[in-house]
Amino acid sequence: QVQLVESGGGLVQPGGSLRLSCAASGITFNNYAMTWYRQPPGTERELVATITRTGDTSYADSVKGRFTIYRDNAKNTAYLQMNSLKPEATAVYYCKAHLLSGSRAYWGQGTQVTFSS
């Protein structure tokens with residue numbers, strides 16, 4: 001059974017930082033690309049960052065220079081380090097494990113990040 005479990009969400013203050021984790025089980029983790037998405041209230045889910053199985057990364061323009069995606073294959077875990085957080089960070093953050101061929105994809109249940117002014 002494949003499971004992706006996100007953690008690390010919570011309340012964040014202006015300019016603050018959070019690190020989200022996505023722990024995977026039931027898959028050969030290092031075969032999968034990992035992508036973080038977020039879904040702000042009342043809006044559609046949007047892509048935040050991707051890391052390929054070889055470690056190449058890409059980011060949404062809105063988070064470049066502030067967010068870092070990385071992975072630890074030994075721990076079957078992907079991370080999203082979020083710095084200099086802004087109010088638009090309020091969202092449910094989801095991770096997805098996927099093959100670049102598109103043939104398989106698995107989602108986590110999400111973790112809530114709430115910007116607190």
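In nanometres, what is the gap between the two model label sites at Asn30 and Asn73, each 7 Å from Cα along Cα-to-Cβ?
Taking the two extended label points, one gets 0.3 nm.
Over every pair of different alpha-carbon atoms in region 1-65, take the mean of 1/r and invert it; report that Kirkwood radius in Å.
13.7 Å
Of the heavy-atom accessible surface of region 1-88 (probe 1.4 angstrom), what whole percent is carbon and sulfur?
Carbon-and-sulfur percentage of accessible area, whole number: 45.
I need the trypsin sites (Lys or Arg not before Pro) found in region 50-108, filtered to DSSP loop residues with at most 14 other beta carbons within 10 Å of theirs.
Sparse-neighbourhood loop trypsin sites (Lys or Arg not before Pro): Lys64, Arg104.
Counting residues in the chain as N, plug N into 2.2 N^0.38 Å and put the Cα Rg over that result.
The chain yields a ratio of 1.00.
Tell me, what is a quarter of the convex hull surface for the C-alpha atoms of region 67-117, in nm² with one decimal?
If I average the Cα hull's projected area over directions, I get 4.5 nm².
If you place +1 on the Cβ of every Lys and Arg, -1 on the Cβ of every Asp and Glu, and leave all else neutral, what size is the dipole of the chain about its Cα centre, to the nearest 20 Debye?
Dipole about the Cα centre, nearest 20: 160 debye.
Which residue, Tyr93, Phe115, Gln3, has the largest displacement toward the positive end of the dipole of the chain when charges sit on each Cβ (Lys, Arg +1; Asp, Glu -1)?
Gln3
Express the accessible area of the chain per residue in Å², computed with a 1.4 Å probe while the remaining protein chains stay in the model.
With the other protein chains kept in place, the chain gives 51 Å² per residue.
The values are calculated or read from the model by the stated rules, or taken from the named source; none is laboratory data. Fair warning: this is a prediction, and the values are worked out from it, not measured in the lab. Cβ: placed from backbone, ideal geometry, glycine included. Neighbour counts: every protein chain shown. For accessibility, only protein heavy atoms count, side chains too; no ligands or nucleic acids. Shrake-Rupley method; radii C 1.70, N 1.55, O 1.52, S 1.80 Å.
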